[in-house]
Each structure stands twice: as structure tokens, then as C-alpha cells.
1. Of the residues that make up segment 20-28, is at least one under 28 Å from Gly127 (Cβ atoms) and aliphatic (A, V, I, L, M)?
2. For Pro63, state whether it is exposed (fewer than 13 other Cβ atoms within 10 Å of the Cβ) and touching a Cys at 6+ places or on another chain (Cβ under 7 Å).
3. All but one of (1) surrounded by 12 or more Cβ atoms within 10 Å (Cβ to Cβ); (2) over 23 Å from the mean Cα position of the chain (by Cα); (3) at pLDDT 90 or above; (4) not in a loop (DSSP other than H, G, I, E, B) hold for Val262; which doesn't?
4. Is it the case, given these coordinates, that Asp215 is more than 26 Å from Cys150 (Cα to Cα), buried (at least 20 other Cβ atoms within 10 Å of the Cβ), within 12 Å of the chain's Cα centre (by Cα) and charged (D, E, K, R)?
5. Identify all residues within segment 265-278 that are crowded, with 20+ Cβ neighbours inside 10 Å and assigned to a loop (DSSP other than H, G, I, E, B); write none if there are none.
6. Collect the residues in segment 94-103 that are part of a loop (DSSP other than H, G, I, E, B) and surrounded by fewer than 17 Cβ atoms within 10 Å (Cβ to Cβ), keeping them in residue-number order.
7. Hey, does segment 117-125 have a residue that's of a type outside the set (Ser, Thr, Tyr), closer than 20 Å to Ser222 by Cα, in the same structural domain as Ser221 (by TED's automatic domain parsing) and in contact with a strand residue (DSSP E or B) (Cβ under 6 Å, 6 or more places away or on another chain)?
8. Restrict the check to segment 78-93 and report whether at least one residue is crowded, with 17+ Cβ neighbours inside 10 Å and under 23 Å from Leu199 (Cα atoms).
Amino acid sequence: MTHDLAALWQLLETNFPLGGPRRHLRELLGAELVDALESAGILRHKHVAERYPCPRPGGDGCPRVVIDREDGSIVAVCGNEPAECADLKLASTDIEVLGVVAEDLCKAIGKALQVRPGVAALPGLRGAYRIGTFIREAGIKHAIYLVVRCSERDCAEAIDALRTHSSGQTFAVLLPTERFVSDEVRRQASAAGVVLVPLLDAVGLDGAGLRALGDPLTIFSSIGRPGSTAQAAPVVARALVRGVGGVASWRELDEASYRDLVAAADSYDVFADELTKTVAKGNGRKRSRTSNVQVSHFNMIRAALEARANFDPDVGDDDGVAAKQIFQRARKIFDIGSGQSWALFKTDKVDNHAVYRFEPDAAVSFALVFASNP
């Protein structure tokens, strides 16, 4: 199961490093996510709380005081006189304080995004860490930083300080979200070839820990490539991409990101490219390649990917038999398997009628590239 970490990144941005009693964090993030974060080692047990957050903070007696009563019960009581909030009954597990260890979080993020580790807090720059180095190709290295700020002014100052600190080295900045990135900072970063990456869009969580939500080669593709501040680079293709153990996501590709994706083609179990009319499958010596793939086959696969429910080639087609045959031929080219065992597209029967659903096997990686204007 893959968890959406939007709530974590948003809370972390204004509460860094994040921490608090387990019950309180469950109320903020949800019990399921807190349990998953604790299992993954992102939230670590620190100590037992002596205080508990108050719903209406104010006065000298806030937050509430945790008391062990003689009968074995645990309560959090208001420290103000007179009391301004009711006693809160707690379990022993409720008051175990869980927290994020910044350096450990950096290591986990770096591992997910395939960054060579080199975690270090940056002296004199609070909430800023070097995560390590991303190597896009042999001899080309980029520094990767994490910056946590909760105002546009602080965010701008931190990124400007990193540009001075980097001494001309190309780099990317990871931020929990983009909400404190001003348009001016975004423009200056683009002009300097500095990539700003919101973790909200780049990193999720599954049973094995933090996982990239896209191909790191694509995520970091624009580092060191100054962009136009007048308009975005033209989109040349649209791709559905999923790395090993990741989550599939659609990507708009400009020329640079398209080239980077093509350069990484052999790392995907299935790589299809409508721009070159080719499909490559497998790995190592068992990798096969099909050239001159028909546009109709790419169109049929794209329609199946974009279907909101089961895909039925017959729908909207005057010659359903022909349409189904086109899909079946396309699946042989794009998919891995045969008969009733396919890695990407599964077959269902509805009223004795075959329909198809895109449900890729967990172990299969793919990059399916389509022309920007189908």
C-alpha cells in the first residue's frame, strides 16, 4: 500500500522537526499514516511526554500536564486556575513522544531519490541540510539540499544562501511543499538552473519505506539547465512512468527531460516511445526491441491507460472486432506475458465480453511515451 504524504509534508513545513505524543500526531496525521511512518523509521520513539498539547493554548499553565494517578490511570490536566479545559484520559502509548530526526529523514529521502548519501546540517543556516549528490551520468554530479521554511521571505533567503554556499556548483533544493516559494524565487531559480522539488509531488511511502513518485532522472532533469523565464519549455511528449517499487505518474516532457528519459530506457522493463515508434522490453541479454510500431497501436494503448474504468475497444467503434484485434496486437508488443498472464493489462469478462484494465504487476517498471498531441 502506498501512502500519500501530503499531510506529513505540510505539517513538517510549519513544525520542523516534527514531534509530539503519539495520540496527538494521530489526530493530526491519521492513525494509519502515523503507524506506517513509525514502522518505516521516519517517526522514532524519543521519550515519554510530561506535557500534552492543549486545544486552546493560553495562560501560564499550558500545555496540559500529564499525571499518573494512584489508580494507575493517566490524565492530562489543565495547568491554569481555574481550569480552562477538561481532563483528558490517556493510555501509556498515547504519551510516547514520536519525532522526526532530521538527519535520518534526509537519508531516507536521499535513498528514495537515488541520491548518493552525504548528509550534513549546513552551519549557520537553520532547517537546511545537504542530502548528498545526484549523479545523472558519469562525471556529472549535482548537490541535493533540503530546505524547510515557513514564510516566503525565509525561503528566499535560504535559497539565496545556498547559491552562495554552492560556489557555482549545480544543485537542486527539496522543499516539503511549494506554498512558501514566491514567483520571483521560482523565476530566479529557473534562470540559474536551480531545480526546486516539492517533496509533496516527489516522495511517497509504501511498506518498504519512502519511495520516489517518479523517475529521479526526470525529477532532477533540469539541474544546471537555465530555463527561459518568459515561458516554459515546449512539451514534446507525455509519458506514464513508474520506476521499480514506485507509483505510476504522468509526466509532461520537454526536450531535455525527454532526452534524459530516453537515456534511462534500459532501466525500465517496458520502454515504449511513440516519437521513435519503438518498444523495448525485458532486461539484459533478454531485452527485445520492436521497431516501426504503428501509430494505431500507440493510440489504442494510450486509450486503455486513460480509461476511467475497464477499457472496451468496442465502445465508440463501428467495427468492434477490428478494434479489439488492434488492442490485442498492441498488447503483444507493449506488454510482457501471454495468454491469461500479462504484466500490464489484465483481462476481465463482463457479460461474456472481454474488457481490459491497466493493473501493472508490482515488480514491473515502465515508461510509456506518447506524442504530446495524440
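1. Scanning segment 20-28, I find at least one residue that is under 28 Å from Gly127 (Cβ atoms) and aliphatic (A, V, I, L, M), so the answer is yes.
2. no
3. So Val262 meets the others, but not (2).
4. It is true that Asp215 is more than 26 Å from Cys150 (Cα to Cα), buried (at least 20 other Cβ atoms within 10 Å of the Cβ), within 12 Å of the chain's Cα centre (by Cα) and charged (D, E, K, R).
5. Of everything in segment 265-278, those that are crowded, with 20+ Cβ neighbours inside 10 Å and assigned to a loop (DSSP other than H, G, I, E, B) turn out to be Tyr268, Asp269, Glu274.
6. The answer is Val101, and nothing else.
7. no
8. No, that holds for no residue.
The values are calculated or read from the model by the stated rules, or taken from the named source; none is laboratory data. This structure is a prediction, so every number in the text was calculated from the model and none was measured. With ideal geometry, Cβ positions are generated from the backbone for all residues, glycine too; neighbour counts draw on all protein chains shown.
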